[in-house]
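Worksheet: the structure to be examined is printed underneath.
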Amino acid sequence: MFEYCADPDILSTFEWFSCYLTNGKHLLFYKSFGLVLLLLIITAPLAILLGLLAAVGVKSKIFLLRLFSKAYANIVRGIPDIIFFLFIPITIDQLIEFSRHKIKCPEITDSVWQGSDFIVCSAAKLPLNSDPQWIHDIYGFLLAVLSFAIVYGAFAANTFYGAMNSVPPSQIETGKSFGMSRKQLYLSVIFPQMWRYALPGLSNLWMLLIKSTPLLFLLGIQDVVYWARELGGSKTSIFQYPHPDWRVWYFLSLLVFYLLLTKISELILNRLSKKIYIPI
Amino acid sequence: MKKILYTAILLAFIYVPANADTVRMGTEGAYPPYNFINDNGEIDGFERDLGDELCDRAGLDCEWVQNDWDSIIPNLVSGNYDTIIAGMSITAERDEVIDFTQNYLQPDPSAYITTGDGNKAAYIGVVAAQTATIQASHVAESGAILAEFATPDETISALRNGEVEAVMADKSFLAPIVAESNGGLKFIGGDVYIGGGVGMGIRESDSDLKDTFDAAIDSMKADGSLNTLIEKWFGDEASLF
Amino acid sequence: MICETTLDLYALRSIGIGEKLLPKSDITLCEQFVLIGSGIIWNLYFCIIALCLGFMFAIFTAIIRFNRYKYLSKIIDIYVFIFRGSPLFIQFFCAYEIFVLLPKIGFDINLLFTTVTIETSWLTKAWLGAVFVLFLNTTAYSSEIFYGALKSIPKHDIEAADAFGLSTKRKYRKIIIPTMLRNSWSSYTNEAIFLFHATTLVFFSSFPAWRQSGDALYYASYFADKTFNPFIPYPIIAIYFISITLLIILIFKIINVYFTKHLPKDRKKPIKLFANMVR
């Protein structure tokens, strides 16, 4: 970063730290904070969408849809999120590659599972082997987003279900007496009314989501926890900046980051809930 | 919204290959000098040099992927990358699930280290090892109390903090740590030979790739360039081919 | 049945009783079920101890905050903010690193007939250190739940108690605490479930497993690692967790019935699960 960083062995303490904290590895660490924020911003609307779909599904007239939505909302919440993250991404990945394999290479009749190997033809791989690493990174990230959305969508489903039931029946009756169809009823009465009842639950969900992001590293993503562990570990002189075990400092800085994130979210959400009249 | 969804699904299926010759190399990046993430955030170490040279000789286009140790084999068999080149010892247990190329390092002794003052025999105490390594299995079978950690670095910290009485790991990983500890850490007991040398892990169904790398390793062994690399990263005492 | 021998060997493996070595090859479904189930013992242990201690301290701290003791309630506010505002995962990491750095000393505690030595190094072991972190964590969340419930107790309930001339102690025991618990029971049930789920983080964050004894997730990931097939052990552990979650809900419902048995029918509130998540 700075010109005097060429030979870290002869630097004074201050200069050493200024070089150390701006080396390539640290820049990747700082970027990973952005990754966490990006995950939150993309996952939240997706989880809300899944939650809405499932909540409508629970109230559906079609038996199978109702069963599926109920099973989704209840089973996912009965299992710790960490267990989900350990096998949902690999399941989604294999499902996608399996279907691509069936479509793209119908001529190959061998099973895709041979022993413990999972083999699809090279055209069916996603991303392709020949793709640059950044495409693999984005794909991995999208899998993570999807996994988070699936888990938190189940929580959102329940919030929405509760909120829909809180919409005063008289309003729905009024809508019906106007001759509204089911679809119209949802779009112009239930959904607009429901948000106010759902806001407290959704605020909590957002907090929950923030606090589950350290699990990203389980999904094979180089997130803040990965880099904190990697940077904090003791380094021998094979590295340019040898140092003893500093993990405690890196993790304390993560603690501060998360405290700030939740505090700011809380302030914003409080303002929002003051603006919107929330009936209890 | 629907449109975006359809486009995304469509994109996932119409996406076509450009060139199929890229080989993705999976490594842990936390086991110097075998492999580690250097200060610029790139994968570095003996296996980086070796892998690049092998790919060069085999005419392959190689891409490096970091993956945590505990999921490194599952991610190979499910196709996230094509080889494991992470200081992985060839064992019968692993060989049941994946294939190995010929070894590119001689069977590396494992060793115990302990803190400078202790005179206790390492094998009766509490020994730390990285989860799912041959050393962890060895310690569990030896009758010592095994304490498992996710990364090799954590085992060393645990020893320094007095959590455990000894650490067992590959000797060449421990050697620089002992050398730089100013007498704070020392080897204890003799070398232990477990595992059969270090090789590249490859899916069992991928025998072509295995042959390619075997041939490349052969050519590096023949012209002595492998020995040069070993001496560069592991010092003069390392056993050569 | 073959499974009986496996049950003998591994049912209590997680607490160090039974076969010393874990199965390494030719792993059967039965071994997976038994060992993962054995690991559940740890999850239950973490959850029950942390929950029981946390319950008492949460009531205690909630009352302190309710009464606005100047400095004490400020300190508790900060403590609650730190533990509710950060991920448990990071808390485990930090706590473990700090516990490890503590000087290793032992305190002798004289219990009349025998002396017990309490050592700080116990904190670096999961059985105490992880319980301690989980306890602090659940106390913070429950304290917030109970504090919220205290604030919503109708003024006239308390005034009525005063009018009867109840002493402060009796007022709390007979009126305030029971009302608080009744009003917050659904939220507290959720907290218990979240805490139970959070116990899976212990061996995954920082606490090392000793003698290959760990919780259910430790064994599940052991099997995923040995069989290279995540599609069997993780669904097994999921089944265990769903069943125990249902059990927790049942137990809390029974307690709820006990709490509200004197109320007229229209004022009884069934536990609404996840309706208002406070975690």
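Each Cα pair under 8 Å and six or more residues apart adds its separation to the average, and for the stretch A:3-275 the resulting relative contact order is 23 percent. Only alpha carbons enter this Debye calculation for the stretch C:40-267, each as an equal point scatterer, and the log10 of I(q)/I(0) it gives at q = 0.08 Å⁻¹ is -0.39.
When peptides A:47-53, C:66-72 are sorted by average Cβ neighbour count within 10 Å, with the highest value leading, the order is A:47-53, C:66-72.
For B:Leu185, the residues whose modelled amide H falls within less than 5 Å of its own, excluding neighbours fewer than 5 places apart on the same chain, are B:Gly116. For the stretch C:118-275, the solvent-accessible area of protein heavy atoms averages 43 Å² per residue (probe radius 1.4 Å; ligands and nucleic acids excluded). For chain B, the gyration tensor built on C-alpha atoms gives a prolate shape. Its axis ratio a/c (a ≥ b ≥ c) is at least 1.5, and a/b is the larger of a/b and b/c. Charging the Cβ of each Asp and Glu at -1 and of each Lys and Arg at +1, and nothing else, the dipole of chain A about its Cα centre rounds to 1780 debye. Solvent-accessible area per residue in the stretch B:56-117 equals 31 Å², computed with a 1.4 angstrom probe and all protein chains kept. Of interest is the spacing of the C-alpha centroids, which for the stretch B:160-224 and the stretch B:44-114 amounts to 11 Å. Taken residue by residue and averaged, Cβ atoms of other chains lying within 10 Å of the Cβ of A:118-127 number 4. Both chains summed, the buried accessible area for B and A stands near 3600 Å², from protein heavy atoms and a 1.4 Å probe.
Cross-link partners of A:Lys211 among lysines, defined as those whose alpha carbon lies under 18 angstrom from its own and excluding same-chain residues fewer than eight positions apart: A:Lys263. Just check the stretch B:110-192 against the gyration tensor rule for me: Cα atoms, a ≥ b ≥ c as the square roots of the eigenvalues, rounded for a/c under 1.5, and otherwise prolate or oblate depending on whether a/b exceeds b/c. Rounded, because the longest to shortest axis ratio a/c is under 1.5.
Counted as membrane-span-like here are DSSP H helices of chain A whose alpha-carbon atoms extend 30 Å or more along the helix's own axis and whose Kyte-Doolittle mean is 0.0 or above; these are A:24-58, A:81-104, A:133-166, A:247-275. Listed by chain and number, the aspartates and glutamates placed with their C-alpha closer than 13 angstrom to that of A:Lys235 are A:Asp245, B:Asp39, B:Asp153, B:Glu154, B:Glu180; residues fewer than eight positions away on the same chain are left out. The residues of the stretch B:30-46 listed by number as losing at least 50 Å² of accessible area in the complex, against the isolated chain and with a 1.4 Å probe, are B:Ile37, B:Asp39. Along the axis of the charge dipole computed for the protein assembly as shown (Cβ charges of +1 for Lys and Arg, -1 for Asp and Glu, origin at the Cα centre), the listed residues A:Ile88, A:Gln114, A:Gly153 are led at the positive end by A:Gly153. A simple charge model with +1 on the Cβ of Lys and Arg, -1 on the Cβ of Asp and Glu and nothing else charged puts the dipole of chain C at about 1480 debye relative to its Cα centre.
Per residue of A:224-230, other chain Cβ atoms within 10 Å of the residue Cβ number 4 on average. If the chain linking A:Met180 and A:Leu260 were pulled fully straight, counting 0.36 nm for each residue of separation and taking away their Cα-Cα distance, it would gain 24.1 nm. Would you mind telling me the share, in percent, of accessible area of the protein assembly as shown contributed by carbon and sulfur at probe 1.4 angstrom? Its accessible area is 64 percent carbon and sulfur atoms. Note on C:Leu111 and C:Ile232: their simple-model spin labels are 4.4 nm apart, each label 7 Å out from Cα toward Cβ. With θ taken as phi - 60° and the Karplus curve 6.51 cos²θ - 1.76 cosθ + 1.60 applied, the whole-hertz 3J(HN,Hα) list for the stretch B:88-96 is 8, 6, 7, 10, 4, 4, 5, 5, 5 Hz, x standing for glycine and proline. Applying D = kT/(6 pi eta Rh) to the protein assembly as shown, where Rh is the Kirkwood radius over alpha-carbon pairs, T corresponds to 10 °C and eta to 1.306 mPa s, the Stokes-Einstein value obtained is 55 µm²/s.
Taking every protein chain into account, the accessible area of chain A amounts to 48 square angstrom per residue (probe 1.4 Å).
Chains C and A together bury roughly 3300 Å² of accessible surface, counting both sides and using a 1.4 Å probe on protein heavy atoms. A helix-only calculation puts chain B at -11000 deg cm²/dmol for mean residue ellipticity at 222 nm, using -39500 (n - 2.57) for each DSSP H run of at least four residues, averaged over all residues.
For a paramagnetic label modelled on A:Ser253 (point 7 Å from Cα along Cα→Cβ), amide N atoms under 16 Å away belong, within the stretch A:36-60, to A:36.
Volume per residue of the convex hull around the Cα atoms, evaluated for the stretch C:184-237, comes out as 92 Å³.
Provide the FRET efficiency to the nearest 0.05 for the A:Ile238-C:Glu119 pair, computing r from the beta carbons and using R0 = 30 Å. Calculated value: 0.25. Ranking A:Leu142, B:Thr83, A:Phe68 by Cα position along the charge dipole of the protein assembly as shown, where only Lys, Arg, Asp and Glu carry charges on their C-beta atoms, puts A:Phe68 farthest toward the positive end. Distance from the Cα centroid of the stretch A:140-195 to that of the stretch C:1-78 is 37 Å (rounded to whole angstrom). What shape does the stretch A:145-273 take by its C-alpha gyration tensor, where a ≥ b ≥ c are the square roots of the eigenvalues and a/c under 1.5 counts as rounded, a/b above b/c as prolate, and the rest as oblate? Judged from the Cα gyration tensor, the stretch A:145-273 comes out prolate (a/c at least 1.5, a/b above b/c).
Among the residues of C:259-266, the average count of other protein chain beta-carbon atoms within 10 Å of the residue beta-carbon is 0.
Across the protein chains, with a 1.4 Å probe defining accessible surface, the residues C:Ser25, A:Ser212, C:Ser221 rank C:Ser25, C:Ser221, A:Ser212 from largest area downward. When Rg and Dmax are taken over the Cα atoms of the stretch A:3-275, they come to 24.2, 83 Å.
Could you give the angle, 0 to 90 degrees to the nearest 10, between helix B:2-14's Cα long axis and the longest principal axis of the Cα atoms of chain B? Helix B:2-14 sits roughly 80 degrees off the main axis of chain B. Here's the list of lysines a cross-link from B:Lys221 could span, going by alpha-carbon distance under 26 Å and ignoring same-chain residues fewer than 8 apart: B:Lys171, B:Lys210, B:Lys232.
Distant-in-sequence amide contacts of A:Leu21, defined by a placed amide H-H separation under 5 Å and a gap of 5 or more residues or a different chain, comprise nothing. Once both axes come from the Cα atoms, what is the angle between helix B:225-234 and the longest principal axis of chain B, in degrees from 0 to 90, rounded to 10? Approximately 50 degrees, to the nearest 10. Note on the stretch A:248-273 and the stretch C:142-217: Cα centroid distance 24 Å, given to the nearest whole angstrom. Unpaired Cys in chain C, meaning no second Cys C-beta under 4.7 Å: C:Cys47, C:Cys52, C:Cys94.
Helices in chain C, meaning DSSP H runs of at least 4 residues, each add -39500 (n - 2.57). Divided by all residues, the mean residue ellipticity at 222 nm is -21000 deg cm²/dmol. Along the axis of the charge dipole computed for the stretch B:110-192 (Cβ charges of +1 for Lys and Arg, -1 for Asp and Glu, origin at the Cα centre), the listed residues B:Gly184, B:Thr133, B:Pro152 are led at the positive end by B:Gly184.
For chain B, the longest principal axis of the alpha carbon atoms and the long axis of helix B:46-58 meet at an angle near 30°. Taken about its Cα centre, the stretch B:110-192 carries a charge dipole of roughly 180 debye when the Cβ of each Lys and Arg holds +1 and the Cβ of each Asp and Glu holds -1. Based on DSSP H segments of at least four residues, each scored -39500 (n - 2.57), chain A has a per-residue ellipticity at 222 nm of -23000 deg cm²/dmol. Membrane-span-like helices in chain C, defined here as complete DSSP H runs extending at least 30 Å along the helix axis by their C-alpha atoms with mean Kyte-Doolittle hydropathy no lower than 1.0, are C:29-66, C:233-259; this is a sequence and geometry rule, not a statement about a membrane.
The values are calculated or read from the model by the stated rules, or taken from the named source; none is laboratory data. Values in this document were obtained by computation on a predicted structure and should not be read as measured data. Neighbour counts are summed over all protein chains in view; Cβ atoms, including those assigned to glycine, are modelled from backbone coordinates with ideal geometry. Calculation scope for accessible area: heavy atoms of the full protein, side chains included, ligands and nucleic acids excluded. Shrake-Rupley method; radii C 1.70, N 1.55, O 1.52, S 1.80 Å.
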